[in-house]
Amino acid sequence: MGKIHLTNLNERELAEFVENAGEPLFRARQIFKNLHGRRQLSFDEMTDLPKRFRAKLNETATATSLRVEKRYVSEDGTRRFLMKTHDGYPVEAVFIPTENRDTICFSSQSGCPLKCDFCLTAKLGLLRNLTTGEIVEQIITVLNDVYGAGAETPHGTNLVAMGAGEPFLNFENLIKALDLMANENGLHIVPNRVTVSTAGIVPKIREFTRLEKRPHLAISLSAPNDELRDKLMPINRKWNIEELFAAAKEFQSSLRRGERFTFEYVLLGGVNDTDEHARKLANLLNRHGLEKVKINLIPHNSAEPLEYKPSTAEQVERFQDILASKGVSAFVRRPRGRDIYAACGQLAAKDAAAPVQITR
Ligand code: SAH
């Protein structure tokens, strides 16, 4: 009890910790490099620290708070890691390999307080916010599993905050984690390689807009009018489309070179995917001057007890064509890892058919 979790600390806080421990300041830099740069999550591996200091660290501090419980590998190569916090809450991260670059999808909360009707994570409710260290540790754990402990992080690893939870309801910890991960002595994953997805926490979109360094932004929309969005994403009753779009427009006008801004739209067969919905969506975007924002169409990933079904391939194409005919470009996201409950909206600490042996 009471051990200090060092992956939570930035360089300045580590310096304070080291100072309080009566050690020379350069030890702070060593610890930072070991944790984040070499991805060492145990003090015993940190052989550049004196043995006596390592023993002291083991007594007073900890480098890990997550434990991998299960690891699933999909037939398409996607890997899902089901971890537990030190106090027993589930945390999930997903590794998604593609030809050009790999993506790690991480969670910002254990469970989620939002009640999106098509999402399995919602069924868990909010268990708790994850700490900065717990966010960073997910990425370290996945990288070590895929590339080997400490092995060079291949350039091109992207991060998406699209796992369990609503990132903008854990804003401070998330931003601090992104800052730690961007550090060139650490993981060195810069904001340009990160996308944060929000269900539409309007005041936080505004706060995000004001950030000096920020990742790409995605907003989950999934309906072209308030009536339907109220049902599918109850957060809409708090901040409706009008308010959401006001913030989105401010963000759009603050866009800097190279930044990406997308809307996500989960396609639910017969519910929000008809020709009429596509026309309404395009009109809505055009009316607000947001037609330049790219749309990511996400085919619904079903899982018990969700009652929605995916759109037919034909309807997905029609939806995309109708948007295009009104000047809105949309991409269809290929589902990954469905067979192991690793796809969007499927993270609910579910057991899949065949867990693969845990490596550590
Ligand atoms: N809370 C944030 C981030 C997590 S969800 C958000 O809502 O954006 C990441 C994406 O998965 C969101 O776009 C969400 O709409 C989508 N999603 C949720 N459940 C899904 C499901 N069953 N099938 C496909 N996509 C889903």
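The values are calculated or read from the model by the stated rules, or taken from the named source; none is laboratory data. Keep in mind that this is a model prediction, so the values were computed, not measured. Note: ideal-geometry Cβ built from the backbone for every residue, glycine included; neighbour counts use all protein chains shown.
Which residue, of R101, R128, R67, is closer than 18 Å to L6 by Cα and surrounded by fewer than 17 Cβ atoms within 10 Å (Cβ to Cβ)?
Values: R101 fails: closer than 18 Å to L6 by Cα; R128 fails: closer than 18 Å to L6 by Cα.
Sole residue among the options that is closer than 18 Å to L6 by Cα and surrounded by fewer than 17 Cβ atoms within 10 Å (Cβ to Cβ): R67.
For segment 292-327, name all the residues that are closer than 20 Å to S197 by Cα, more than 13 Å from the ligand (Cβ to nearest atom) and crowded, with 17+ Cβ neighbours inside 10 Å.
Selection gives V293 alone.
Go through segment 251-307 and give me each residue that's under 26 Å from K213 (Cβ atoms), in contact with a His (Cβ under 8 Å, 6 or more places away or on another chain) and assigned to a loop (DSSP other than H, G, I, E, B).
E259, R260
Would you mention how many residues in segment 133-157 are closer than 25 Å to E264 by Cβ and either in a helix (DSSP H, G or I) or among the β-branched types (V, I, T) (or both)? I'd like the intermediate steps shown before the answer.
Step one: list which residues in segment 133-157 are closer than 25 Å to E264 by Cβ, which gives 134-136, 138-139, 142, 156-157.
Next, only the ones that are either in a helix (DSSP H, G or I) or among the β-branched types (V, I, T) (or both) stay: 134-136, 138-139, 142, 157.
Residues meeting the conditions: 7.
Any idea which residue in segment 54-96 is nearest to A122 (Cα to Cα), counting only those that are assigned to a strand (DSSP E or B) and among the small types (G, A, S)?
First, the residues of segment 54-96 that are assigned to a strand (DSSP E or B): 61-62, 66-73, 79-85, 90-96.
Add one more test, that the residue is among the small types (G, A, S), and what stays is 61, 93.
Values: A61: 34, A93: 16 Å.
The extreme case among them is A93.
Would you point out which residue out of E166, E137, E152, E184 is under 14 Å from the mean Cα position of the chain (by Cα) and farther than 24 Å from S220 by Cβ? Steps first, please.
Values: E166 fails: farther than 24 Å from S220 by Cβ; E152 fails: under 14 Å from the mean Cα position of the chain (by Cα); E184 fails: under 14 Å from the mean Cα position of the chain (by Cα).
It is E137.
Report yes if some residue within segment 45-64 is within 30 Å of R229 (Cβ to Cβ), in contact with a Phe, Trp or Tyr (Cβ under 6 Å, 6 or more places away or on another chain) and modelled with pLDDT of 95 or more; otherwise report no. Before the answer, list the steps.
Filtering segment 45-64 down to residues within 30 Å of R229 (Cβ to Cβ) leaves none.
Checked segment 45-64: no residue is within 30 Å of R229 (Cβ to Cβ), in contact with a Phe, Trp or Tyr (Cβ under 6 Å, 6 or more places away or on another chain) and modelled with pLDDT of 95 or more.
So that you can scan it fast, the table gives a plain yes or no per residue for (1) assigned by TED's automatic domain parsing to the domain that holds E264; (2) crowded, with 24+ Cβ neighbours inside 10 Å; (3) in contact with a strand residue (DSSP E or B) (Cβ under 9 Å, 6 or more places away or on another chain):
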site	(1), (2), (3)
E134	yes, yes, yes
D145	yes, no, yes
G148	yes, no, no
E152	yes, no, no
A164	yes, yes, yes
N170	yes, no, yes
N173	yes, no, yes
E184	yes, no, no
